[in-house]
Amino acid sequence: QVQLVESGGGLVQPGGSLRLSCAASGRFFSINIMAWYRQAPGNQRELVATISSGGRPSYADPVKGRFTISRDNAKNTVNLQMNSLKPEDTAVYYCNAYIRTDMRPGGMDYWGKGTLVTVSS
């Protein structure tokens, strides 16, 4: 069974930095796009950043220039380096990956359980 497990959340002051990590485990053929989403209290889940299997990143406008997504295909991990954090970045951050398995050779989305990031003084 495929699992995505996030780590690295916590409390940080405005202007500070955090690094989130997500590791995929289990039996699978390949991982296509990996991404980070976030959901603030009372809001819908929103896309933060994506990265293709070839390493091409894409960012939502609110985080451009502050966040950097990266991945290590050998370790099946995706990271999110968050700099210049603002109170409005406070949210639960979710890892997402499109993964192909023997049961789902066409692939499907998998989600982590989320990690809380709180930006506050």
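The values are calculated or read from the model by the stated rules, or taken from the named source; none is laboratory data. Please read all numbers here as calculations on a predicted model, not as lab measurements. Reconstructed Cβ throughout: ideal geometry from the backbone, glycine too, with neighbour counts over all protein chains shown. SASA here: full protein model, heavy atoms, side chains in, ligands and nucleic acids out. Shrake-Rupley method; radii C 1.70, N 1.55, O 1.52, S 1.80 Å.
Applying the selection to the stretch 1-30, what residues are over 17 Å from the mean Cα position of the chain (by Cα), among the small types (Gly, Ala, Ser) and assigned to a loop (DSSP other than H, G, I, E, B)?
If the condition is that a residue be over 17 Å from the mean Cα position of the chain (by Cα), among the small types (Gly, Ala, Ser) and assigned to a loop (DSSP other than H, G, I, E, B), then 15, 16, 26 are the ones that fit.
Among the residues of the stretch 86-119, how many are in contact with a Ser or Thr (Cβ under 7 Å, 6 or more places away or on another chain) and not hydrophobic (A, V, I, L, M, F, W, C)?
Count: 6.
Looking at this structure, is residue 65 open to solvent by 80 Å² or more (accessible area, probe 1.4 Å) and not aromatic (Phe, Trp, Tyr)? Please lay out each step first, then the result.
Details: open to solvent by 80 Å² or more (accessible area, probe 1.4 Å): yes; not aromatic (Phe, Trp, Tyr): yes.
Against the criterion (open to solvent by 80 Å² or more (accessible area, probe 1.4 Å) and not aromatic (Phe, Trp, Tyr)), residue 65 qualifies.
Could you please find all residues in the stretch 20-50 being of a type outside the set (A, V, I, L, M), closer than 12 Å to residue 78 by Cα and surrounded by 14 or more Cβ atoms within 10 Å (Cβ to Cβ)?
Within the stretch 20-50, 21, 22, 36, 50 qualify.
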